[in-house]
Amino acid sequence: MNQKKPNKRKAKEVVQVFKDNNVRIIIEDGIEWFVAKDVCNVLGYANTSKAISAHCKGITKRYSLVTASGEQSLLTITEPDIYRLIVRSKLPTAQKFECWIMEDVLPSIRKTGKYDIRDVAQTSKDNRNAFTAECKRQGLKHPSDYAHITAYSYSELFNNSKIRKQSMNKEQMLKLSAFEAFEAYKYSILPENALQLSGIKESMKNTALQLNRVEQLDTIETINEI
């Protein structure tokens with residue numbers, strides 16, 4: 001396998017999240033280079049070097065990236081070698097990872113030059129601001145009360161009250177954004193203080209349960225645009 005020298009030129013780094021695993025991608029001259037260690041972690045390979053040596057046939061390249069341990073020179077691989085690793089992975093999630101790469105991440109990068117999770121996050125932030133304003137209009141004045149029912153709704157929506165935006169994948173972000181947009185809209189058409197605290201809590205629960213019945217991501221995106 002051919003390996004290029006560490007690349008010190010400035011290139012665009014994009015970070016994706018697949019089932020709580022970060023997958024770093026370097027985009028240079030229109031080519032996506034995936035951090036091999038990240039891909040191997042997702043696919044269940046304990047030894048990255050051994051997996052690359054045994055299964056990959058393409059050119060590899062090293063990039064200097066800033067990590068929690070400081071700047072490191074990390075090995076990257078291209079798209080064809082990702083599929084070679086997927087085929088030989090023993091994990092049942094390997095096929096879902098392949099679909100995520102082929103149908104979600106790469107089309108988005110090639111269309112916009114970046115994966116649009118930050119755009120989704122901004123939409124969610126805008127919805128959340130409207131949602132917060134309407135909650136306050138409905139008589140929810142104390143931060144502790146707001147935090148309590150937010151955690152409650154997260155638990156209904158994701159079966160995890162501790163989940164945070166920075167750890168969400170695109171589908172989760174869209175679901176959260178749709179939830180917030182729905183709640184803000186419902187509150188905005190009601191007279192002030194129509195729901196009170198208990199009513200807001202029940203409203204959030206109902207919306208969360210309804211969204212959990214929606215299985216197609218396209219449907220969630222459509223809801224979010226209403």
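Read the figures in this text as sums done on the coordinates, not as results from a lab. Quick caveat: nothing in here was measured; it's all calculated off a predicted structure. Heads up, the Cβs are rebuilt from the backbone with ideal geometry, glycines too, and the neighbour counts pull from every protein chain shown.
Using 16 Å as the cut-off for backbone N distance, which residues of the range 30-53 belong to the label zone defined by a point 7 Å from the Cα of residue 160 along Cα→Cβ?
It comes to 42, nothing else.
Can you figure out the FRET efficiency of residue 12 with residue 198, using R₀ = 45 Å and their beta-carbon distance, to the nearest 0.05?
Numbers: r = 48 Å, r/R0 = 1.08.
Plugging the Cβ-Cβ distance into 1/(1 + (r/R0)^6) gives 0.40.
Let's test the formula: R0 of 25 Å, r as the Cβ-Cβ distance of residue 141 and residue 188. What FRET efficiency results, to the nearest 0.05? If you can, show how the numbers build up before the last one.
Values: r = 18 Å, r/R0 = 0.72.
About 0.90, to the nearest 0.05.
Given labels modelled 7 Å from the Cα in the Cβ direction, how far is it in nm from residue 46 to residue 210?
4.9 nm
Would you mind putting 99-109, 143-153 in packing order, based on average other-beta-carbon counts within 10 Å, highest first? Working shown, then result.
Values: 99-109: 16.5, 143-153: 13.9.
For the peptides 99-109, 143-153, the packing ranking is 99-109, 143-153.
Going by how many other beta carbons lie within 10 Å of each one, how would you line up 31, 52, 86, fewest first?
Values: 31 12, 52 24, 86 19.
Placing the least packed residue first, the sequence is 31, 86, 52.
Going 7 Å from the Cα of residue 103 in the Cα-to-Cβ direction, what parts of the range 72-94 have a backbone nitrogen less than 16 Å from that spot?
Once the point is set 7 Å along Cα→Cβ of residue 103, 93-94 turn out to lie under 16 Å by backbone N, inside the range 72-94.
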